[in-house]
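A.B. asks: Got a structure for you, written out below as structure tokens; questions coming shortly.
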Amino acid sequence: MKFKLLFILFLLINCEAILFAQFENSNNSVQFEVVEDDFKTPDGMELPAIKLPSIIKSKNPLRMNDYSGLGLEESELLDITHKDNFLDLKTNEAPKYFTKDKKIAEEFGRDQYLGELRTGSLNVTIMYRDHEYVDGDRVRIYVNGDIVKSSVYLSAGFNGFTFLLQPGFNKVEFQALNQGSSGPNTAELRIFNDEGDVISANQWNLTTGRKAMVTIIKE
């Protein structure tokens, strides 16, 4: 019985000694201290210590760096002075988009004759546009009595067509299908020969149903 007690006591003492040794080793672990020091080359020359700069500097040392915009493209500022054909900053003139049509005069209620042209061209090009307030004016176009355009919308830009002239007399008519939302049916007309020269420039102001006519004589 005494022998067993001595054996147990011996084991307890050994276990305590082992635990104490492990505790001492854990407290004496090796630690490396980061220091900036000059480095000596094999030939005895000293190189100065290199100090690495911080990649990102904080604007305020008491606050964390804000990386919310990192990797995002810078947005371009909107240039409100850019000329876009709707507003001219250098003049007080309003663009045509905001200019009212002429008041409906008595002569607008009659057909209008735009003149007679003579040319040796094989063909002519007819160009037209709304030269006043762009308000939805539409026309029907006839060449020598035949409908070539049943319904044409008059926009701010020129549109048109080219046709072959028959020998002698050629008649081109523009019939107002409506008057848009403001004033009469208004348009600017230009006619070009086969060399691209302007041979006629005119305008019409019509009420609904009325026609503007030009005659072209091929010589």
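A.B. asks: Among the residues of segment 132-152, write down those that are of a type in the set (Ser, Thr, Tyr) and surrounded by 13 or more Cβ atoms within 10 Å (Cβ to Cβ).
C.D. replies: Result: TYR133, TYR142.
A.B. asks: Filter segment 201-217 for residues that are outside any loop (DSSP other than H, G, I, E, B) and over 13 Å from VAL172 (Cα atoms) and give the result.
C.D. replies: ALA201, ASN202, GLN203, TRP204, ASN205, LEU206 - these are the residues of segment 201-217 that are outside any loop (DSSP other than H, G, I, E, B) and over 13 Å from VAL172 (Cα atoms).
A.B. asks: Run GLY209 past the list (1) of a type outside the set (Val, Ile, Thr); (2) out of contact with any Ser or Thr (no Cβ under 7 Å at 6 or more places or on another chain); (3) closer than 14 Å to LEU154 by Cα and report the number of the one that doesn't hold.
C.D. replies: Unmet condition: (3).
A.B. asks: Restricting to segment 170-187, give me the number of residues that are more than 19 Å from ALA201 (Cα to Cα) and part of a strand (DSSP E or B).
C.D. replies: So the answer is 0.
A.B. asks: Out of segment 104-131, which residues are of a type outside the set (Ser, Thr, Tyr), exposed (fewer than 14 other Cβ atoms within 10 Å of the Cβ), out of contact with any Leu (no Cβ under 7 Å at 6 or more places or on another chain) and in a strand (DSSP E or B)?
C.D. replies: Residues satisfying the conditions are GLY115, GLU116, ARG118.
A.B. asks: Related question: Give me the pairs: first residue in segment 208-219 and under 15 Å from TYR113 (Cα atoms), second residue surrounded by fewer than 17 Cβ atoms within 10 Å (Cβ to Cβ) and among the hydroxyl-bearing types (Ser, Thr, Tyr), beta-carbon distance under 7 Å, and six or more apart or on different chains, which are they?
C.D. replies: MET213/TYR113
A.B. asks: So ASN178 clears everything in (1) under 20 Å from ASP135 (Cβ atoms); (2) buried (at least 19 other Cβ atoms within 10 Å of the Cβ) except one condition, right? Which one?
C.D. replies: (2)
A.B. asks: So is TYR153 out of contact with any strand residue (DSSP E or B) (no Cβ under 6 Å at 6 or more places or on another chain) and of a type in the set (Phe, Trp, Tyr) or not?
C.D. replies: no
Every read-out reported here was derived from the displayed coordinates using simple, explicitly stated rules and does not represent laboratory data. For clarity, every value in this text was computed on a predicted model and none was experimentally measured. Using ideal geometry, Cβ is built from the backbone for each residue, glycine included, and neighbour counts are taken over all protein chains shown.
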